[in-house]
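The values are calculated or read from the model by the stated rules, or taken from the named source; none is laboratory data. Just so you know, these numbers come straight off a predicted model, no measurement behind them. Every residue, glycine among them, receives a Cβ derived from its backbone with ideal geometry; neighbour counts consider all protein chains shown.
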Amino acid sequence: MSRLRVRAGLTIRELPDGDAVVARDDGAEAVIINATASAVLELFGKESSEEEVARVFCESFPGEDVTAIRRDVHEIVQRLITSGILEPCGSASSTV
């Protein structure tokens, strides 16, 4: 289970409608994400896995199709990785 986190050097500002602006700290780039992506990103405020985030959504929407929720979370996570907002957590190599 791969762990992910929000990339360092980003500022996240929520907008009144639930969307959010994610910008580099130097202001050189900014991306607007929708409310669902913003909720997913909030769950990655600490190191998490895609599976953990999907589980939270499944528990939050018990009447919805679990397969559809997992698929949607996967698509959002992949877009956040592609846009450079989420990144895999590094794993220290053993020096034994």
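So the values come out like this:
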item	result
Failed item in (1) in contact with a Phe, Trp or Tyr (Cβ under 9 Å, 6 or more places away or on another chain); (2) outside any helix (DSSP H, G or I), with ILE69 passing the rest	(2)
Residue that is modelled with the lowest pLDDT, among those in segment 1-42 that are outside any strand (DSSP E or B) and polar (S, T, N, Q)	SER2
Residue tally, condition loosely packed, with under 14 Cβ neighbours inside 10 Å and part of a helix (DSSP H, G or I), over segment 43-66	4
Members of segment 1-26 that are without any contact (Cβ under 8 Å) to a residue 60 or more places away in the chain, within 19 Å of SER48 (Cα to Cα) and in contact with a Ser or Thr (Cβ under 9 Å, 6 or more places away or on another chain)	MET1, ILE12
